[in-house]
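The values are calculated or read from the model by the stated rules, or taken from the named source; none is laboratory data. Keep in mind that what you see is a predicted model, and the values were worked out from it rather than measured. We place every Cβ from the backbone using ideal geometry, glycine too, and count neighbours over all the protein chains shown.
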């Protein structure tokens with residue numbers, strides 16, 4: 001299994017006693033209602049769940065301007081074997097695709113701060129060859145893995161049943177030596193195809209909106225510059241009349 005971003009080989013660390021590894025920001029995520037809110041009920045700038053496709057949600061941010069399309073992404077909460085939330089899996093469709101870039105989507109996996117970063121994060125779809133992705137950065141809310149996904153990568157997700165995700169909990173032994181214990185979790189791919197298709201439709205609306213705005217900007221008159229030049233010419237004429245009078 002390969003992705004657009006270069007990957008490295010992972011050496012699994014032997015399992016040891018594992019403390020609770022929980023992503024604090026997700027503690028209330030499991031209590032969300034099944035009844036989806038109407039967009040008109042959401043305040044501008046606030047997140048909301050727009051659609052659900054089996055195990056994937058489409059989450060959006062309400063745009064500040066009424067006519068502006070909302071930015072959305074696919075979302076799934078990942079839990080460890082005891083039911084604790086340990087990661088967020090997010091996928092966003094690419095806004096534009098360059099001639100030399102085959103990226104059609106970008107995936108982000110967020111893990112807790114108490115994650116051992118050096119082994120990276122392991123990702124495997126069904127029985128395919130596992131891939132390992134390095135962490136990009138950490139913030140107050142957790143540590144981030146980022147993936148650039150090609151159309152081929154998306155096809156792998158669409159054709160799979162589950163994606164196994166393994167992160168490592170940061171641990172110290174009695175001697176103070178730092179190590180990690182693998183924390184396996186699973187991202188269900190049920191509903192992935194329909195969710196990504198819906199996400200692409202929403203992104204198409206954003207692309208069309210941007211194109212429309214660019215067209216309107218291109219048709220805008222350039223009156224300010226002409227007025228400035230005319231005013232400058234009038235000043236020169238007045239100055240010339242004054243000199244002639246003198």
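Summary table
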read-out	value
Residue 198 vs. criteria surrounded by 15 or more Cβ atoms within 10 Å (Cβ to Cβ), assigned to a helix (DSSP H, G or I) and either modelled with pLDDT of 95 or more or in contact with a strand residue (DSSP E or B) (Cβ under 6 Å, 6 or more places away or on another chain) (or both)	yes
Answer from 51, 88, 79 - the residue that is within 21 Å of the chain's Cα centre (by Cα), within 17 Å of residue 203 (Cβ to Cβ) and modelled with pLDDT of 90 or more	51
Selected residue (criterion: nearest to the chain's Cα centre (by Cα)) from residues of the range 119-140 that are outside any strand (DSSP E or B) and touching a residue at least 40 places away in the same chain (Cβ under 8 Å)	134
Selection within the range 58-75 - closer than 17 Å to residue 107 by Cβ and touching a helix residue (DSSP H, G or I) at 6+ places or on another chain (Cβ under 8 Å)	58, 71, 72, 73, 74
Contacts under 6 angstrom Cβ, first residue in the range 64-82 being free of Cβ contacts under 8 Å to residues at least 60 places away in the same chain and on the phi > 0 side of the Ramachandran plot, partner surrounded by 19 or more Cβ atoms within 10 Å (Cβ to Cβ) and not in a strand (DSSP E or B), 6 or more apart	none
Any hit, the range 154-170, residues being within 17 Å of the chain's Cα centre (by Cα) and at pLDDT 95 or above	yes
